1. Only helices (runs of 4 or more DSSP H) wholly contained in the range 93-190 count here; list those with 1 or more residues that are surrounded by 14 or more Cβ atoms within 10 Å (Cβ to Cβ) and under 15 Å from the mean Cα position of the chain (by Cα).
2. Say whether the condition of being modelled with pLDDT under 85, in contact with a Lys or Arg (Cβ under 7 Å, 6 or more places away or on another chain) and closer than 24 Å to residue 85 by Cβ is met by at least one residue in the range 48-60.
3. Of a type outside the set (S, T, N, Q), surrounded by 19 or more Cβ atoms within 10 Å (Cβ to Cβ) and in a strand (DSSP E or B): is that true of residue 75 in this structure?
4. Those residues that are among the acidic types (Asp, Glu) and closer than 15 Å to residue 101 by Cα, I need them from the range 169-197; list them, please.
Amino acid sequence: MSITITPQMIKELRELTGAPMGDCKKALTENNGDQQKAVEFLQKKSLASAAKKSSRVAAEGRLGTYVHHDGKLAVLVEVNSESDFVANTEDFAELVRGLCFQIAAMSPRWVRKEDVPSDVLAKQREIFEAQVRELGKPEALVPKIADGKLNAWYADVCLMDQAYVRDEKGTPIGKWLAEKIGKIGENIVVRRFVRWELGEGIEKKQDDFVAEVERMAANG
């Protein structure tokens, strides 16, 4: 039994997903009015659309910045789009702000896994394989288990693999970005970022409290 797709149903789906009205109507029609299935339908369409756009040159865009309220943490990120028009939209600005917040909160080291230097990757694999062997796993399983550990490591250190902190479902940034690309209609690329934290890399003097007390007692 088919369900009549009402304007209210279309409006609710658009508010939920941000997709065009026509796409919302089609998604509801294709899924017999089931809102959840319609959402999944639109997500798949966005991902497919993003895949088609990924080869197109994105040379415009904007720089996003974030400075924490205490002045001890800052982020600068370059996000590219195909046109200056899209770069100046509120949707794009919101996307850039989300990326700045993600970088500030989760401290990724690289944009994507392909950016990890080969020597760093080789060393990390060596460590994981040693850990697996230490657990007494069969040698034939070592590479496969190490691959799983590497994927978990990517989810910590690579921006595109990290779970988006503002999404309660834990959607990876790469998938979240692909969905945005499908809605915005242009290829969008996170080119590079820098994250600064006050005092990072400086070896700070660690006071030995016990030794200080002993000195005070000796001089007392």
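The values are calculated or read from the model by the stated rules, or taken from the named source; none is laboratory data. Here the structure is a predicted model, which means the values were calculated and not measured. With ideal geometry, Cβ positions are generated from the backbone for all residues, glycine too; neighbour counts draw on all protein chains shown.
1. Numbers: elements: 118-134, 142-157, 173-184.
It comes to 142-157, 173-184.
2. First pass over the range 48-60, keeping only residues modelled with pLDDT under 85: 48-59.
Next, only the ones that are in contact with a Lys or Arg (Cβ under 7 Å, 6 or more places away or on another chain) stay: none.
For the range 48-60, residues modelled with pLDDT under 85, in contact with a Lys or Arg (Cβ under 7 Å, 6 or more places away or on another chain) and closer than 24 Å to residue 85 by Cβ: absent.
3. Details: of a type outside the set (S, T, N, Q): yes; surrounded by 19 or more Cβ atoms within 10 Å (Cβ to Cβ): yes; in a strand (DSSP E or B): yes.
Considered against the rule, which asks whether it is of a type outside the set (S, T, N, Q), surrounded by 19 or more Cβ atoms within 10 Å (Cβ to Cβ) and in a strand (DSSP E or B), residue 75 comes out as yes.
4. Of all residues in the range 169-197, those among the acidic types (Asp, Glu) come to 179, 186, 197.
Hit for the range 169-197 is 197, nothing else.
Yes or no, residue by residue, for (1) at pLDDT below 95; (2) farther than 30 Å from residue 166 by Cα; (3) not assigned by TED's automatic domain parsing to the domain that holds residue 174:
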residue	(1), (2), (3)
88	yes, no, no
91	yes, no, no
103	no, no, no
110	no, no, no
117	no, no, no
120	no, no, no
132	yes, yes, no
135	yes, yes, no
138	yes, yes, no
